[in-house]
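Quick notes on the structure that follows.
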């Protein structure tokens, strides 16, 4: 699309200074001349090419970083489609186009962190609204729900969502949302997404899915009727452990408009350089996820047979209780796994001291392998009672498998488990 054509299209959006003016054509400005062709291409190709061709002045092969905080107006009624970077930014728009296209949404909002994305989604609800969530979700999400939003009047029920009947039983007259995290963090329990959306449809409530663990390469919840998808783009979408970010993707224009208004009003949007880094990272999402999976499966199968390991949590193992569900709603088993080591915390501490290729660190989804202890790290914000109810014990260790050679990772883990 030539510059004059793009400007003409952007100007038709109108000003949105102060009061954010949402438009699908603004939130996802995929050039119409390319969108139809790109949508027919394979995932890996779309990941590389969506949101890229923005620079018709110099024909840059990568999306420019627009660092400007403000943009001048043509007159009192029209501008280029951007006026202030908190409201919208060309680099951020490019990232939003990319993620929305990969997930199959109509609009996306890129946020400063994954928690900012969840915060934006939760602002769709009002005091006294009731939300159902899993009892083994990410510790930061649990903290936000149980400690922050309860003080703002929201009500939460944390249940074992692997059994749809538990969700049905938790429905109340004031229930407004079913929060889906699948696979769960850190125990890799799966939730039947189609079953959840059917329950939600009958109860006339929203469904929101955290798709961070698998990314749209391996799971696309919109295909099963989910209303909103959230991501911590810090993880697999960026994939290089060098930026924090989040994203909220909507299935309908009405929801997209509400989320965009909230992100702008609360100032939750990510910075242009952060958006550039995530957009750079997502280009290699497809090959990275394949590498993560190869390493995770090799490691899981070794651990599953190791005498010092009590249990392995990885959906790719045939022994996993949700293995068949994983094959049904996922395109792969992902790069995350957890296991229970025999001997509790002393054994875990010994392993952490001996491990070499796995860095003892929180977060996940980067090219390097990470290992962590949910009891004192990622899930420390949960109460002891909540952790035990979820199945997290002093034996539990979570692993984010990187893209290193699987043989090296397996060998390193074996030597760390030796007495």
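The values are calculated or read from the model by the stated rules, or taken from the named source; none is laboratory data. Keep in mind that this is a model prediction, so the values were computed, not measured. Please note: Cβ atoms are built from the backbone with ideal geometry, for glycine as well, and neighbour counts cover all protein chains shown.
Please find, among 185, 189, the residue that is in contact (Cβ under 8 Å) with a residue 60 or more places away in the chain, closer than 23 Å to residue 389 by Cβ, within 15 Å of the chain's Cα centre (by Cα) and surrounded by 19 or more Cβ atoms within 10 Å (Cβ to Cβ).
The match here is 185.
Here is a list of conditions, (1) under 18 Å from residue 227 (Cβ atoms); (2) surrounded by 24 or more Cβ atoms within 10 Å (Cβ to Cβ), and residue 119 meets all of them except one; can you say which number that is?
That leaves (2) as the condition not met.
With the requirement that a residue be touching a helix residue (DSSP H, G or I) at 6+ places or on another chain (Cβ under 9 Å) and not in a helix (DSSP H, G or I), what does segment 119-135 give you?
Answer for segment 119-135, where residues must be touching a helix residue (DSSP H, G or I) at 6+ places or on another chain (Cβ under 9 Å) and not in a helix (DSSP H, G or I): 123, 124, 125, 130, 131, 132, 133, 134, 135.
In this structure, does residue 360 turn out to be farther than 27 Å from residue 196 by Cβ, crowded, with 18+ Cβ neighbours inside 10 Å and in contact with a helix residue (DSSP H, G or I) (Cβ under 9 Å, 6 or more places away or on another chain)?
For residue 360, the condition - farther than 27 Å from residue 196 by Cβ, crowded, with 18+ Cβ neighbours inside 10 Å and in contact with a helix residue (DSSP H, G or I) (Cβ under 9 Å, 6 or more places away or on another chain) - is not met.
Checking the conditions here, which among 207, 233, 212 is over 12 Å from the mean Cα position of the chain (by Cα) and in the same structural domain as residue 177 (by TED's automatic domain parsing)?
When all the criteria are applied, what remains is 207.
Being outside any loop (DSSP other than H, G, I, E, B) and free of Cβ contacts under 8 Å to residues at least 40 places away in the same chain is the filter; apply it to segment 353-377 and report the residue that is farthest from residue 286 (Cα to Cα).
Among residues in segment 353-377 that are outside any loop (DSSP other than H, G, I, E, B) and free of Cβ contacts under 8 Å to residues at least 40 places away in the same chain, the one farthest from residue 286 (Cα to Cα) is 353.
Hey, residue 176 hits all of (1) surrounded by fewer than 24 Cβ atoms within 10 Å (Cβ to Cβ); (2) closer than 22 Å to residue 119 by Cα; (3) in contact with a helix residue (DSSP H, G or I) (Cβ under 8 Å, 6 or more places away or on another chain) but one; which does it fall short on?
Every condition holds for residue 176 apart from (3).
All but one of (1) closer than 30 Å to residue 88 by Cα; (2) out of contact with any strand residue (DSSP E or B) (no Cβ under 8 Å at 6 or more places or on another chain) hold for residue 350, so report the exception by its number.
(1)
Inspect all residues belonging to segment 359-370 and state whether any of them is over 19 Å from residue 232 (Cβ atoms) and modelled with pLDDT of 95 or more.
Checking segment 359-370: at least one residue is over 19 Å from residue 232 (Cβ atoms) and modelled with pLDDT of 95 or more.
Could you list, in sequence order, all residues of segment 91-118 that are touching a strand residue (DSSP E or B) at 6+ places or on another chain (Cβ under 8 Å), over 8 Å from residue 246 (Cα atoms) and assigned to a helix (DSSP H, G or I)?
92, 95, 96, 97, 99, 100, 103, 118 - these are the residues of segment 91-118 that are touching a strand residue (DSSP E or B) at 6+ places or on another chain (Cβ under 8 Å), over 8 Å from residue 246 (Cα atoms) and assigned to a helix (DSSP H, G or I).
Any residue in segment 399-406 that is under 18 Å from residue 134 (Cβ atoms) and either free of Cβ contacts under 8 Å to residues at least 12 places away in the same chain or assigned to a loop (DSSP other than H, G, I, E, B) (or both)?
Checked segment 399-406: no residue is under 18 Å from residue 134 (Cβ atoms) and either free of Cβ contacts under 8 Å to residues at least 12 places away in the same chain or assigned to a loop (DSSP other than H, G, I, E, B) (or both).
If residue 338 passes every condition in (1) part of a strand (DSSP E or B); (2) touching a helix residue (DSSP H, G or I) at 6+ places or on another chain (Cβ under 9 Å); (3) buried (at least 22 other Cβ atoms within 10 Å of the Cβ) but one, which one does it miss?
(2)
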